[in-house]
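Data first, discussion second: the structure below is written as structure tokens.
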Amino acid sequence: KASYNNILVEKRGKVALLTLNRPKALNALNSELMNELQDAMSTLDTDSGVGAFVLTGSEKAFAAGADIKEMSSKTFVDTYKGNWLSNWGSISRLRKPIIAAVNGYALGGGCEVAMMCDIIYAGDNARFGQPEITIGTIPGGGGTQRLIRAIGKARAMEMILTGEQMTAEEALRSGLVAKVFPKEETVAKAIETAEKISSFSQNHVIMAKEAVNQAYEVGLQQGLLFELRSFWTTFATEDQKEGMAAFIEKRKPNFRDQ
Ligand code: CAA
């Protein structure tokens, strides 16, 4: 198992728990941290013993954004030539579901990474925001695109143009997060949900995630066709036969990812 400087990686049964661990910088996302995160996640994504991810930070901060100290002296040419941050999106292309368990600050790149995940659970002290405008730049990790899809244009625009933060309660009301918990419980609840997801047929979980994500990318008719084709595909699997037979026979299904 690889050892990392900025993240902790743990397997809890079929759940991979990844913890951002740069407490002195409120988990600011420097290049080393992001490379480690991508390395760990891409390895675990192909591990058939892993059914889902939980990504979390500390109780004070999920992540306070891209690392401003690393970024501050970069020139336009550095960022352009280096394709700066373009690799972050790989988190959104992993096949297995990722639950972000967000306590404390999820600002800038922290909010953007949370939004790359499939489900966000928030602690009651969570704060979401895109403060880039206040430090002389704009979001670069997908914030202008994903926040508007999550919460609508008016509030997303307001947050991005003012840098104003959103509370956990508001994030729940606006659909950015799925559930809110007392902060001590966020990670445990996320693991519970990840365990539940991991108990289903892994192929079908991946197909369902892929189909839902199509809704972000394509028009309705194309999306519906993608969904239907994936739905038909499940009928080629033993897990579909097993799942439906178990329902009819009033017993628990035994999914074997076949
Ligand atoms: N980058 C680098 N270091 C950071 C950081 C960041 N994004 N956020 C916090 N830190 C560091 C601070 O510099 C400080 O370090 P020192 O002790 O060495 O001074 C340490 O973490 C603790 O931070 P604070 O003392 O500021 O803690 P606080 O509790 O007073 O405030 C906070 C917390 C409101 C989150 C504040 O730290 C803050 O505003 N952070 C920056 C948030 C931000 O602007 N994020 C956007 C970054 S740009 C971006 O993400 C671009 C993109 O789209 C990808």
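Values computed for the structure shown
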read-out	value
Most mobile listed residue (45, 78, 118) in the chain, GNM with C-alpha springs under 10 Å	78
Relative contact order computed over the chain (Cα-Cα under 8 Å; 6+ residues apart), in percent	16
Lys, Arg +1 and Asp, Glu -1 on Cβ, resulting dipole of the chain about Cα centre, debye, nearest 20	260
Helix-only CD estimate at 222 nm, as mean residue ellipticity for the chain, using -39500 (n - 2.57) per DSSP H run (n ≥ 4)	-13000 deg cm²/dmol
Segment 105-233 - convex hull of alpha carbons, volume per residue in Å³	107
Normalised convex hull volume, the chain, alpha-carbon set, Å³ per residue	145
Long pairs among 69/196; 11/179; 183/250, criterion Cα-Cα beyond 32 Å	69/196; 183/250
Most mobile of 199, 58, 72 in a GNM of the chain (Cα contacts under 10 Å)	72
Top of 106, 156, 52 by mean-square fluctuation, Gaussian network on the chain, Cα under 10 Å	156
Gyration tensor verdict on segment 1-153 (Cα atoms; rounded if a/c is under 1.5, prolate if a/b is larger than b/c, oblate otherwise)	prolate
Segment 15-79 versus segment 183-234: alpha-carbon centroid distance in Å	23
Kirkwood Rh in Å, taken over all unlike Cα pairs in segment 8-58	11.4
Longest exposed-site-free window of the chain, the sites being trypsin sites (Lys or Arg not before Pro) in a DSSP loop that have at most 16 other C-beta atoms within 10 Å	96-249
Interchain or long-range residues, amide H under 5 Å from residue 30's placed H	67
HN-Hα J in Hz across segment 22-30 - Karplus 6.51, -1.76, 1.60, θ = phi - 60°, x for Gly and Pro	10, x, 5, 10, 6, 6, 3, 8, 7
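Bear in mind these aren't lab numbers, they're just calculated from the coordinates by the rules spelled out. What you see is a predicted model, and the numbers here were worked out from it, not measured in a lab. Here Cβ is always computed from backbone atoms with ideal geometry, including for glycine, and neighbour counts include all displayed protein chains.
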